[in-house]
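Shown next, in structure tokens, is the structure this report addresses.
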Amino acid sequence: MAKQEDVFKKVISHAKEYGFIFPSSEIYDGLSAVYDYGQNGAELKNNIKSYWWKAMTQLNENIVGIDSAILMHPTTWKASGHVDAFNDPLIDNKDSKKRFRADVLVEDYCAKIEEKAQKEIEKAAKRFGDAFDKAQFESTNPRVMEYREKQSIILNRLARSLENEDLADVKALIEELEIADPDTGSKNWTEVRQFNLMFGTKLGASADNAMDLYLRPETAQGIFVNFLNVQKTSRHKLPFGIAQIGKAFRNEIVARQFIFRMREFEQMEMQFFVAPGTELGFYEEWKQKRLNWHLALGLGADNYKFHDHEKLAHYANAAADIEFKFPFGFKELEGIHSRTDFDLTAHEKHSGRKLQYFDNERNENYVPYVVETSVGLDRLFLAIFSTALKDEVLEDGSERTVLSLPPALAPVKAAILPLMKKDGLGEYAEKIFNDLKYDFNLIYEEKDSIGKRYRRNDALGTPFCITVDHDSLTDHTVTLRDRDTMQQERVAVADLRSIIDEKTNMRTLLSKL
Ligand code: ATP
């Protein structure tokens with residue numbers, strides 16, 4: 001088995017074993033691509049949300065947050081284009097009966113060609129050492145250039161065929177490239193068909209007058225339809241932004257890769273409304289701001305890259321993804337899109353209401369342009385969790401599993417551990433717990449050896465362990481153990497609050513921005 005797969009399996013089993021993520025309705029054998037967050041997962045998720053929400057709404061005077069409903073008037077989705085165009089091309093394998101996204105089959109084929117190019121680059125980097133000039137090598141090495149050219153021809157043809165709705169050509173491409181079912185090797189494919197990803201539901205009690213609705217496939221439309229409500233009540237002038245965190249639903253054709261691609265997931269989106277003609281400047285600014293927000297988490301700059309879209313959706317005049325190195329390779333984590341005035345204009349047309357802004361300086365009314373940043377909360381969770389999870393071999397040859405979460409995001413900030421329950425150590429530890437619980441999420445544990453309790457908290461990502469022993473009763477000090485360095489130091493009980501706060505407060509993370 002490939003090493004990457006091992007790493008990914010470990011991520012999934014660790015998430016379950018330590019109460020982060022469970023398959024939904026597991027006692028009924030689960031529901032495909034739907035997951036529940038357990039006691040530690042919910043805390044971690046809330047902390048990630050808080051980091052995003054505060055970075056958006058608290059650090060930017062001109063961004064406010066809203067919470068719009070999941071159910072929206074059905075015309076919303078006609079206006080946004082989702083009814084007519086929120087489709088994925090699907091293809092079935094006649095032998096294995098498995099269903100695939102036709103575009104993903106082609107993209108995966110290209111990713112394999114790219115892997116070959118990367119191997120050439122790695123080999124050359126080793127050969128040339130410090131003198132290696134990557135950019136020059138990429139633009140002059142015939143093999144790398146050939147691999148890149150091949151990918152570009154294939155991806156351009158795919159994009160053209162999808163844009164022209166020429167699904168027969170997408171199938172022809174799959175056949176010409178001799179793409180096989182990755183599991184069985186069969187090349188016996190059906191035609192390619194379009195499949196709408198929205199979940200339908202009904203509003204109303206009687207079958208006759210029930211209204212067909214959709215579960216929202218993105219949170220953005222709740223922001224667009226509220227644009228004027230928020231602008232007028234907040235009295236913000238352009239440029240200003242509206243942020244939102246909420247559930248979105250997509251009936252994904254192929255939902256694999258754990259919480260990377262789910263049917264029910266959460267998005268954190270911000271729509272920034274700007275004057276026409278100024279959008280590309282803001283687009284560049286938000287690309288950089290969003291990357292910096294990710295980098296502040298300290299997961300490693302090499303794990304991120306931009307992917308600028310060459311083929312743009314009809315409503316965009318610039319778009320890029322921030323890709324992250326997941327256990328299964330670089331994939332989209334966040335999208336930054338310059339969406340022009342497409343959405344607001346479409347809602348004006350379908351609702352018959354004006355969605356315009358009066359610009360005092362320009363002395364004119366116009367429909368604002370929009371730059372959006374859209375990140376999947378669950379994908380972000382996976383990025384953080386999978387990068388933090390490490391197996392370490394210690395100096396004495398023993399091993400430990402540690403979840404090096406950024407301390408501000410850790411579900412539990414400190415574990416209070418009496419060496420033993422008797423001799424009053426339990427009571428003393430409980431007193432510390434009760435004193436600190438108003439400031440931090442803590443756990444109190446008295447079972448098992450202290451070594452075992454340390455290991456369990458390492459695996460949970462708890463930044464600090466606080467051990468109460470007999471000396472604590474007289475000198476009012478405790479042993480404070482750091483999760484990452486495993487260093488232990490004696491500190492005064494009176495100093496615990498400020499030590500834990502300094503390392504784990506959200507302020508520490510936000511102040512890096
Ligand atoms: P993909 O190409 O991977 O399907 P997308 O381009 O359709 O994603 P957007 O519509 O731009 O995604 O949504 C914004 C963000 O929402 C994505 O960057 C991703 O982080 C997240 N997201 C989208 N679909 C899913 C899903 N099915 N499960 C989890 N997160 C998702």
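The values are calculated or read from the model by the stated rules, or taken from the named source; none is laboratory data. As the structure is a prediction and not an experimental result, all values here were calculated from the model. FYI the Cβ positions are ideal-geometry reconstructions off the backbone, even for glycines, and counts take in every protein chain you see. In case anyone asks, the SASA skips ligands and DNA or RNA and just uses the protein heavy atoms, side chains included. Shrake-Rupley method; radii C 1.70, N 1.55, O 1.52, S 1.80 Å.
Odds and ends about this structure:
- Rounded to the nearest 20 debye, dipole of segment 293-345 from Cβ charges on Lys, Arg, Asp, Glu: 140
- Among 393-405, 73-85, 369-381, the order from most to least packed when residues are scored by Cβ within 10 Å on average: 369-381, 73-85, 393-405
- The charge dipole of the chain, taken about its Cα centre with unit charges on the Cβ atoms of Lys, Arg (+1), Asp and Glu (-1) only, comes to about 380 debye.
- Using only side-chain charges placed at the Cβ, +1 for Lys and Arg and -1 for Asp and Glu, the dipole size of segment 396-510 relative to its Cα centre rounds to 380 debye.
- Counting only DSSP H runs of at least 4 residues, each contributing -39500 (n - 2.57), and dividing by the residue count of the chain, the helix-based mean residue ellipticity at 222 nm comes to -12000 deg cm²/dmol.
- Counted charge near Thr477, where neighbours are those whose Cβ lies closer than 11 Å (Asp, Glu -1; Lys, Arg +1): -4
- For Ser24, neighbours were defined as the other residues whose beta-carbon sits under 13 Å from its Cβ, and their charges (Lys and Arg +1, Asp and Glu -1) total -3.
- Percent of C-alpha pairs per 20 Å bin, the chain, short to long: 18, 48, 29, 5, 0
- Segment 396-510: relative contact order in percent, alpha carbon pairs under 8 Å with at least 6 residues between: 32
- Segment 396-510 - percent of accessible surface contributed by carbon and sulfur, probe 1.4 Å: 51
- The percentage of C-alpha pairs in segment 328-484 whose separation is greater than 25 Å is 55%.
- Positive-end residue, segment 328-419 charge dipole about Cα centroid, Cβ charges, pick of Gly335, Val412, Gly352: Gly352
- Percent carbon-and-sulfur accessible area, segment 310-360, ignoring ligands, DNA and RNA, probe 1.4 Å: 46
- Solvent-free Debye scattering, log10 I(q)/I(0), computed from the Cα coordinates of segment 188-311 at q = 0.16 Å⁻¹: -1.15
- Of the residues Trp53, Trp286, ranked by 1.4 Å probe accessible area with the largest first, the sequence reads Trp53, Trp286.
- Averaged per residue, the chain has 50 square angstrom of accessible surface, using a 1.4 angstrom probe with ligands and nucleic acids left out.
- Share of carbon and sulfur in the accessible heavy-atom surface of segment 37-105 [1.4 Å probe, %]: 49
- Distance from segment 329-380 to segment 29-87 (C-alpha centre basis), Å: 16
- Tensor-based shape of segment 396-510 (alpha-carbon gyration tensor, a/c under 1.5 rounded, otherwise prolate or oblate): oblate
- Degrees, to the nearest 10: 279-295 long Cα axis against longest axis of the chain: 30
- Here the gap between Glu399 and Asn209, fully extended at 0.36 nm per residue and compared with their Cα-Cα distance, gives a gain of 62.0 nm.
- Members of Lys45/Lys305; Lys119/Lys512; Lys98/Lys247 lying beyond 31 Å, as alpha-carbon distances in this model show: Lys119/Lys512
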